[in-house]
Amino acid sequence: MLKKGKQTIGIALGGGGARGAAHIGVLQVLHSENIQVDRIVGTSAGAVIGAMYAAKEDPQWIEKRFREFLESKMFKGLGTERMVKGSDPHSPISQIAKKVHDQFVFIMSLNKTFIIKKERLKTAFNFLLPVKTFEELKIPLQVTATDIQTGEIQVYSSGDLLEAVVRSSSIPGYVEPTFQDNKIIVDGGVGLPNPVSILKPLVDFTIAVDVKRKIVPDLADLNIFEILQRSELVGYTKLLDNLLKEADIVIKPDIMNDHWSHFNLFDKFLTNGISAANEQLPDIISKFSKSNSWSNRFKRWFDQKTL
């Protein structure tokens, strides 16, 4: 257990779809070690998990609720299993099927802006969230979304929690965006994959959980689509790595290159979140103890006064 005194600890939970199950594992370890989280900032999957923890402060309940959700008709109605690639992408039949699929998706993308309606996601999150407003939460929470008209980050911290989390989790091209005034609001991970920069000024000690995909060397099925995807992944990864430099501690569960839609790997992501957090515990305790020293507290106070 950390002796905190007046020091505050915040956690920034990044986006990653199904990989967000690793956040649950991390929170379970911190909770079991009596490491109190004073503030949470979440993006996309991190907004969902962060809201659930801020409401209940019980990561075991989060795991149980998510397992119930993954067995429900609500989850099946989201159709995420259609996004999962086949087990053998290099077989001739799979390659032909992929080419047909890609052509179909391309044609559809010229005429549609989303695959599932926003209301489906709202129904699902209504099941997951035990409260519906920020004011009912036990831990202060902020969630982020992105206005793709301007690239501006939208930060929500009061009022309708359900609507904010839905906006934060509206994966572009998959979930219907939110149109508000002149804004087109989509997933928070588009503009801010991990919201540690939002969290940093609000607490004394920051923990960030990184659930991004890894860049793997194998580009076996080389085509325009794969090159574009890899290019986007490289840019996203470099941006996120730069953002994470602001955190005092970064916990990186091993999620390899698994797609955001791989909810069938829930147990793997959860377990790897637990393992990563356990490995970082000594570092968390050591760095927090140093940050809690009188000299460091004075330095932070002075820095804030001179901003």
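No lab work stands behind these numbers, since they all come straight from the coordinates. Quick caveat: nothing in here was measured; it's all calculated off a predicted structure. All Cβ positions, even for glycine, are placed from backbone atoms using ideal geometry, and neighbour counts span all protein chains on display.
General remarks:
- Spatially proximal aspartates and glutamates relative to K64 (Cα-Cα < 13 Å; intrachain offsets below 8 disregarded): D267
- Listed residue pairs exceeding 30 Å between alpha carbons, taken from K76/K268; K6/K245; K183/K252; K56/K212; K117/K245: K183/K252; K117/K245
- Computed on the Cα atoms alone, the convex hull of segment 119-224 gives a volume of 159 cubic angstrom per residue.
- Think of each Lys and Arg Cβ as +1 and each Asp and Glu Cβ as -1; about the Cα centre, that makes the dipole of segment 229-277 roughly 120 debye.
- Diffusion constant of segment 156-199 at 37 °C, which comes from Stokes-Einstein with the Kirkwood Cα-pair radius and 0.692 mPa s, µm²/s: 294
- Within the same chain, aspartates and glutamates fewer than 8 places from K290 are excluded, and of the rest, those with a Cα less than 14 Å from its Cα are D204, D248.
- Computed from point charges on the beta carbon alone (+1 for Lys and Arg, -1 for Asp and Glu), the dipole magnitude for segment 1-72 about its Cα centre is near 240 Debye.
- Semi-axis lengths (Å, descending) of the ellipsoid that matches the C-alpha gyration tensor of segment 160-283: 24, 23, 15
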